[in-house]
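Data block below; observations after.
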Amino acid sequence: MKRRAYFSYPVDAGLVEADVTFAQVTVTTFLELIGEPGDTAKLKHFEAVIIDQQEGRLAGVTDTARRITGQSLQTVEEFVNEHRSRFELPYAVTTG
């Protein structure tokens, strides 16, 4: 199933706006797309997250992760900034 969505996110000092097409894929396909097809740990993790989402376990916010790990969870922005090179395109994008 494909859905079109307007997606924007902050980058450095500006705002990048992009028209992104989303497609539902399996965890295996997702790992292939990000170049890590044999990563069993990620496969199991993402499959567990899907089950947690389906069962509503991610609906509330608790301090359990912070108590276990000793640090707060990262926001999406923090994660992207920490792994910026994985999200950058190796070429310039132009709009026309």
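Structural remarks
- Selection count, region 52-86, where residues are surrounded by 10 or more Cβ atoms within 10 Å (Cβ to Cβ) and hydrophobic (A, V, I, L, M, F, W, C): 5
- Helices (runs of 4 or more DSSP H) enclosed by the chain - at least 3 residues per element that are modelled with pLDDT of 85 or more: 27-33, 40-54, 64-69
The values are calculated or read from the model by the stated rules, or taken from the named source; none is laboratory data. Bear in mind that the values here come from a model prediction, so they are computed numbers and not experimental data. Using ideal geometry, Cβ is built from the backbone for each residue, glycine included, and neighbour counts are taken over all protein chains shown.
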